[in-house]
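What follows is a single structure, written as structure tokens, with notes after it.
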């Protein structure tokens, strides 16, 4: 049997501890599958003495990730610390410059510096694997980087944040408010004490930026993403969506258009009968539409120590199965030098269906005025629902419009025109509709 | 840039012609992604003169697959002829013995001789890739062979036959009979003139046998599969399933149990709210349940020239990205010599929920008798629905039972006891229920 693959792990949080446990308890199976043993040769973490339920007494300890990356006798450097800069970034760079293969779950680092790291890896004959960085246990990086070779991809979209999907699912199933569901998610550990990064869509955006590059061969552009979180989604929206045959999900969408690549993260209505609409709770899903394969959808756990460790281990095993320097899977699907500049398609040019919910004064002529504003902007309507509050003494009513495919710009103009009218009560709600191909 | 990867293709049907077209029209992109050109160096097919809409005038023609495999100057032999024996099997063996890498879409060949071929490949330092053999465009082989390394898998199941899923979907959506939907499927080219291989479950069984080996590390055992097709599914079953919150799918299921591995193909009721229940028409889906990753579900096209060619191309690209002899992904997940004997779990010991539909004479005491037969076999019931025909002059009524988890053996005994009673009209219908984890 070939020599052991020596692994150094930086970061022993939930994922790191899981990974150590799996590699140690499945040593025999891994050696058979990979054709060589996988050996944990070095580790580093913030606190050496903490009890993590794993035995690392025989493993060489380093006091910092940078030191481990620079000096440990290893073949693979596994970075599980997180963060776009600092020790994670420095140690990954150092490891790649030494020609060490790197496995990381760090989406922030890849979104910020993925192209630079890919270049360093390729210059030094090193592999850089990051399956766990997007959608946890779902092998979407492998699908894009390997399985779909030769395909021209038209759209990638998905549910990539478990916190948001958990909140939206609870709201729908139990009729609870956003605030109540957020509290529940925090209590269960599905949301951070400061939940902004998740619920404002930033986490999804990091992941989307990585998928965009793999799908379209463009440079990573995390700052060019249209961003809208789920904090404004009300239970009324969810009920209205259900009545019209839709469910609301926070999607990240990257799409090739005639004017460039759209990257957007926003609450989205998806047809209730679509497969992705059934993806509930903290589960993630990613769909890839391409010209040869067609549509591929993958559903699985998006986070959690074990699911993430499983993807990290798959990345390590891929390295173990190849001989050093032998494999040439380009880090970002094509060599870093071949990536093209990212050209942003303006959100105003986005074309799709829209759900528009308006609360208006209950008086004559209001409906005619709204219809006129739509017509003036050449927006054709798929359905119109008018509802009065059950309390019939209320002076307002709700009007819901669903448009056929139209331009974002037209919708914005129509809504602005309605906002200038005296009959509007409160802010209009606008939610984009996304349909799987052929739905 | 490295030397071109020279490919020889045996079989120029829909998939083969698609593959040639893609490799020729995307030559530049493929060279960038793979780090070397992919060149079609040799082809063979039944009829040299047929117009396939592709230009193979510059490609060396061989008169037989065996001759191509033996003599062509190629690196990869691509077998797209089909069939468990004859030219396909002989040429694949010959190619592997020469140390050529092989890519095939041939599920029948792999189900029949996969272990032998894996051994030959491994002895000769050749790769044997077969992503297209199971579920067409869905990268389930890669997921099992690579992504899930280190996971212990408990169950693999899926919709792996588009013909059956198309028929069941049409029956449900349009209230048509099995016979009418089969005719429609034949008219649209989704079913063969002789549809038995699809609708009796044999096609699903071939694919399941391959997945079982990858999931559980056991020798391929296609003859050890419990098999039940969809020909007995009536529109009444589908309606009753819908009323109870289920949909009916033909599933292939492989499951680890205490007494061995269950392999079974049969019509199955799945909860309507599950993701797999939404997979309609000719689309396929495969779910993998494992201890580290959790549940992974992949949905995509299960057949078609392009989708299949996409998987074949992915397999070729994997070879192009590795240097000859460098990569060591074992053909069947672990080396052929390490596969363990397949131990069959008896179907009588299968544990799960059951749907039982009985048509009985409309007279006093019948229900009590049925309930007694269930109780005698320790079967506990989740729901009981009794229906009289709308035509109230009918002398029979329908009783539907849904059981909690119980043993197949108990259900068979109870149904046999009921069959001995004078009140039973026609054959009882029994459909197994399969639930995703946590549903």
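The values are calculated or read from the model by the stated rules, or taken from the named source; none is laboratory data. Note that the structure is a prediction, hence the values are computed from the model and not measured. Don't worry about glycine lacking a Cβ; one is built from the backbone with ideal geometry, like all the others, and counts go over all protein chains shown.
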Single condition residue B:15 does not satisfy, out of (1) away from every other protein chain (no Cβ under 14 Å); (2) surrounded by 23 or more Cβ atoms within 10 Å (Cβ to Cβ) | (1)
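Would you mind finding the one in A:273, A:223 that is surrounded by fewer than 22 Cβ atoms within 10 Å (Cβ to Cβ), touching a helix residue (DSSP H, G or I) at 6+ places or on another chain (Cβ under 9 Å) and within 9 Å of another protein chain (Cβ to nearest Cβ)? Lay out the reasoning, then the answer.
Numbers: A:223 fails: within 9 Å of another protein chain (Cβ to nearest Cβ).
Answer to the selection: A:273.
For the stretch A:18-34: of the residues being in contact (Cβ under 8 Å) with a residue 12 or more places away in the chain and surrounded by fewer than 20 Cβ atoms within 10 Å (Cβ to Cβ), which is nearest to residue A:79 (Cα to Cα)? I'd like the intermediate steps shown before the answer.
Residues of the stretch A:18-34 that are in contact (Cβ under 8 Å) with a residue 12 or more places away in the chain, as a first pass: A:18-24, A:30-31, A:33-34.
Adding the requirement that they be surrounded by fewer than 20 Cβ atoms within 10 Å (Cβ to Cβ) leaves A:21, A:24, A:31.
Working: A:21: 16, A:24: 18, A:31: 22 Å.
If we take residues in the stretch A:18-34 being in contact (Cβ under 8 Å) with a residue 12 or more places away in the chain and surrounded by fewer than 20 Cβ atoms within 10 Å (Cβ to Cβ), then A:21 is nearest to residue A:79 (Cα to Cα).
Considering only residues of the stretch B:167-191 that are away from chain A (no Cβ under 14 Å) and in contact (Cβ under 8 Å) with a residue 40 or more places away in the chain, which is nearest to residue A:292 (Cα to Cα)?
Taking the stretch B:167-191 first, the residues away from chain A (no Cβ under 14 Å) are B:167-168, B:170-171, B:174-191.
Among the residues that remain, those that are also in contact (Cβ under 8 Å) with a residue 40 or more places away in the chain are: B:167-168, B:171, B:175-178, B:190.
Numbers: B:167: 25, B:168: 26, B:171: 29, B:175: 33, B:176: 32, B:177: 33, B:178: 31, B:190: 19 Å.
Ranking the qualifying residues of the stretch B:167-191, first place goes to B:190.
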Give, as residue ranges, the helices (runs of 4 or more DSSP H) completely inside the stretch B:176-290 that count at least 3 residues that are under 16 Å from the mean Cα position of the chain (by Cα).
-> B:196-199, B:202-216
Members of the stretch B:394-429 that are in contact (Cβ under 8 Å) with a residue 60 or more places away in the chain and under 12 Å from residue B:352 (Cα atoms) | B:402, B:408, B:409
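Just a yes or no: is a residue in the stretch B:146-158 part of a helix (DSSP H, G or I), surrounded by fewer than 24 Cβ atoms within 10 Å (Cβ to Cβ), touching a residue at least 40 places away in the same chain (Cβ under 8 Å) and assigned by TED's automatic domain parsing to the domain that holds residue B:185?
The initial filter retains those residues of the stretch B:146-158 that are part of a helix (DSSP H, G or I), namely B:146-147.
Filter once more, keeping what is surrounded by fewer than 24 Cβ atoms within 10 Å (Cβ to Cβ): B:146.
Next, only the ones that are touching a residue at least 40 places away in the same chain (Cβ under 8 Å) stay: B:146.
Pick out the ones that are also assigned by TED's automatic domain parsing to the domain that holds residue B:185 and you get B:146.
Yes - at least one qualifying residue is present in the stretch B:146-158.
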Return a yes/no flag: does the stretch B:132-139 have any residue that is within 14 Å of chain A (Cβ to nearest Cβ), more than 17 Å from the chain's Cα centre (by Cα) and crowded, with 24+ Cβ neighbours inside 10 Å.
-> no
Would you check which residues across the stretch B:193-213 are touching a strand residue (DSSP E or B) at 6+ places or on another chain (Cβ under 6 Å) and over 27 Å from residue B:180 (Cα atoms) and list them?
-> B:208, B:211, B:212, B:213
Residue identified as at negative phi and within 13 Å of another protein chain (Cβ to nearest Cβ) among A:147, A:91 = A:147
Residue B:360 meets each of (1) more than 14 Å from chain A (Cβ to nearest Cβ); (2) assigned to a helix (DSSP H, G or I); (3) farther than 21 Å from residue B:408 by Cα with one exception, condition (2)
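Taking the criterion of being surrounded by 24 or more Cβ atoms within 10 Å (Cβ to Cβ) and more than 10 Å from chain B (Cβ to nearest Cβ), would at least one residue in the stretch A:341-357 satisfy it?
Looking only at the stretch A:341-357, we keep the residues that are surrounded by 24 or more Cβ atoms within 10 Å (Cβ to Cβ), and these are A:354-355.
Filter again for more than 10 Å from chain B (Cβ to nearest Cβ), leaving A:354-355.
Looking through the stretch A:341-357, at least one residue is surrounded by 24 or more Cβ atoms within 10 Å (Cβ to Cβ) and more than 10 Å from chain B (Cβ to nearest Cβ).
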For residue A:163, are the conditions met, namely being over 18 Å from residue A:76 (Cα atoms) and surrounded by 23 or more Cβ atoms within 10 Å (Cβ to Cβ)?
-> yes
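Return yes or no: is residue A:42 touching a strand residue (DSSP E or B) at 6+ places or on another chain (Cβ under 9 Å), closer than 23 Å to residue A:330 by Cα, more than 14 Å from chain B (Cβ to nearest Cβ) and surrounded by 20 or more Cβ atoms within 10 Å (Cβ to Cβ)?
Values: touching a strand residue (DSSP E or B) at 6+ places or on another chain (Cβ under 9 Å): yes; closer than 23 Å to residue A:330 by Cα: no; more than 14 Å from chain B (Cβ to nearest Cβ): yes; surrounded by 20 or more Cβ atoms within 10 Å (Cβ to Cβ): yes.
No.
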Would a scan of the stretch A:296-319 turn up a residue that is more than 9 Å from chain B (Cβ to nearest Cβ) and in a strand (DSSP E or B)?
-> no
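I'd like the full set of residues that are buried (at least 22 other Cβ atoms within 10 Å of the Cβ) and in contact with a helix residue (DSSP H, G or I) (Cβ under 7 Å, 6 or more places away or on another chain), limited to the stretch A:284-299. Spell out the reasoning first.
Going through the stretch A:284-299, the residues buried (at least 22 other Cβ atoms within 10 Å of the Cβ) turn out to be A:284-288, A:290, A:292-293, A:296-299.
Answer for the stretch A:284-299, where residues must be buried (at least 22 other Cβ atoms within 10 Å of the Cβ) and in contact with a helix residue (DSSP H, G or I) (Cβ under 7 Å, 6 or more places away or on another chain): A:284, A:285, A:286, A:287, A:288, A:292, A:293, A:296, A:297, A:298.
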If only one of B:73, B:66 is modelled with pLDDT of 95 or more, over 20 Å from residue A:333 (Cα atoms), surrounded by fewer than 14 Cβ atoms within 10 Å (Cβ to Cβ) and more than 14 Å from every other protein chain (Cβ to nearest Cβ), which one is it?
-> B:73
Scanning the stretch B:404-424 for residues that are more than 27 Å from the chain's Cα centre (by Cα) and surrounded by 20 or more Cβ atoms within 10 Å (Cβ to Cβ) gives B:414, B:415, B:418
Among the residues of the stretch B:79-130, count how many are in contact (Cβ under 8 Å) with a residue 40 or more places away in the chain, under 19 Å from residue B:46 (Cα atoms), under 21 Å from the mean Cα position of the chain (by Cα) and part of a helix (DSSP H, G or I).
-> 1
Report yes if residue B:235 is farther than 27 Å from residue B:115 by Cβ, surrounded by fewer than 24 Cβ atoms within 10 Å (Cβ to Cβ) and away from chain A (no Cβ under 14 Å), otherwise no.
-> yes
